[in-house]
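A short write-up of the structure that comes next.
The values are calculated or read from the model by the stated rules, or taken from the named source; none is laboratory data. The structure displayed is predicted, hence computed values, not measured ones. Note that we place each Cβ from the backbone using ideal geometry, even for glycine, and neighbour counts take in every protein chain shown. Keep in mind that these areas ignore ligands, DNA and RNA; they rest on the heavy atoms of the full protein, side chains included. Shrake-Rupley method; radii C 1.70, N 1.55, O 1.52, S 1.80 Å.
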Amino acid sequence: MNKPFEDYLTPRYDLDHIDRYYVRSSILRAILGSRQYLTGTLLDVGCGKMPYKEILLQPQGSAEKYLGLDLDSPVTESYSVVRPDLLWEGKTIPLTDGSVDSVMLTEVLEHCFEPAAVLKETCRVLKKGGYVLITVPFLWPLHDVPYDEYRYTPFSLEKLLQGAGYGNVQVNALGGWNASLGQMLALWLNRSGLPDRKRKWAWSLFLKRVIAWLYKHDRKPQNFLDDVYMITGLTALAQKL
């Protein structure tokens with residue numbers, strides 16, 4: 001396995017990686033659980049380092065060709081690892097109408113200043129009957145500042161997809177109450193500025209076991225009919241009708 005992608009494809013439950021462990025694991029589960037919909041020519045919008053290309057093109061998947069799309073002037077150093085197949089300015093995808101079979105956007109839509117326009121573009125280049133898979137964070141710190149634009153509820157994400165021309169929209173939580181608490185503890189441990197000695201003490205004494213218990217006993221919401229839910233993030237699957 002390519003070392004730059006280990007954090008994405010084999011998330012590690014240790015002190016150095018605990019702040020990213022759950023989000024990486026849940027995104028990976030969402031992708032693996034949706035590979036049957038990611039068929040033919042797959043467009044990965046906001047592909048970054050293209051960490052999921054390897055598993056999407058495996059025999060277990062349905063994708064036959066992978067196209068990575070990212071900004072012409074990226075705000076990260078992703079291109080130092082690998083360059084995307086296609087570059088764009090964030091408005092017009094450089095592909096013809098109905099030219100791809102499936103689309104994926106993982107942890108991208110929160111950075112889009114005009115998410116409705118981006119989703120309409122993905123629908124334009126997608127063939128009829130094709131699917132789009134999306135993941136977005138909900139409980140996550142500010143990141144890639146100042147390009148962190150939005151957090152989405154299940155209802156706003158569904159409306160955006162329907163407004164862009166998609167149907168058969170399914171929105172699911174990546175994690176519930178226990179996972180949310182575990183993720184916050186993990187983020188606090190590694191990102192709140194605790195001295196390294198206190199981080200190691202808290203991790204080894206109790207947080208390693210507490211966070212593991214919370215993740216193991218998490219229950220994801222099965223619907224969003226009541227206002228009693230907490231979520232770590234969302235995944236959405238929708239079809240161009």
| request: Would you mind finding the one in 136, 125, 100 that is among the hydrophobic types (A, V, I, L, M, F, W, C), closer than 22 Å to residue 173 by Cα and open to solvent by less than 40 Å² (accessible area, probe 1.4 Å)? | output: 136
| query | Just one of 209, 219 is open to solvent by 10 Å² or more (accessible area, probe 1.4 Å), touching a residue at least 12 places away in the same chain (Cβ under 8 Å) and farther than 23 Å from residue 109 by Cα; which is it? | reply | 219
| message | Can you find a residue that is under 15 Å from the mean Cα position of the chain (by Cα), assigned to a loop (DSSP other than H, G, I, E, B), modelled with pLDDT of 95 or more and farther than 20 Å from residue 5 by Cα anywhere in segment 116-137? | response | no
| task | Might you check whether a residue that is closer than 27 Å to residue 44 by Cα, under 19 Å from the mean Cα position of the chain (by Cα) and charged (D, E, K, R) occurs anywhere in segment 138-146? | result | yes
| message | Can you tell me which residue is farthest from residue 22 (Cα to Cα) among those in segment 229-241 that are open to solvent by less than 40 Å² (accessible area, probe 1.4 Å) and either hydrophobic (A, V, I, L, M, F, W, C) or not in a strand (DSSP E or B) (or both)? | response | 238
| Taking segment 23-36 on its own, how many of its residues are out of contact with any strand residue (DSSP E or B) (no Cβ under 9 Å at 6 or more places or on another chain) and not charged (D, E, K, R)? | 3
| Do any residues in segment 130-150 that are touching a residue at least 40 places away in the same chain (Cβ under 8 Å) and on the phi > 0 side of the Ramachandran plot have Cβ atoms under 8 Å from those of residues that are open to solvent by 50 Å² or more (accessible area, probe 1.4 Å) and of a type in the set (Ser, Thr, Tyr), where the two are at least six apart or on different chains, and which pairs are they? | 144/76
| query | Taking into account only those residues within segment 153-202 that are surrounded by fewer than 15 Cβ atoms within 10 Å (Cβ to Cβ) and among the charged types (D, E, K, R), which is farthest from residue 238 (Cα to Cα)? | reply | 197
| said: When the residues of segment 8-25 are narrowed to those that are open to solvent by 30 Å² or more (accessible area, probe 1.4 Å) and not in a loop (DSSP other than H, G, I, E, B), which ends up farthest from residue 113 (Cα to Cα)? | reply: 21
| field | Unique match (being under 21 Å from residue 29 (Cβ atoms) and either small (Gly, Ala, Ser) or under 17 Å from the mean Cα position of the chain (by Cα) (or both)) among 204, 192, 156, 180 | value | 180
| message | So, in segment 56-74, exactly how many residues are of a type outside the set (A, V, I, L, M) and at pLDDT 95 or above? | response | 5
| task | Specify the residue that is nearest to residue 216 (Cα to Cα); the eligible residues are those in segment 26-73 that are part of a strand (DSSP E or B) and open to solvent by 20 Å² or more (accessible area, probe 1.4 Å). | result | 62
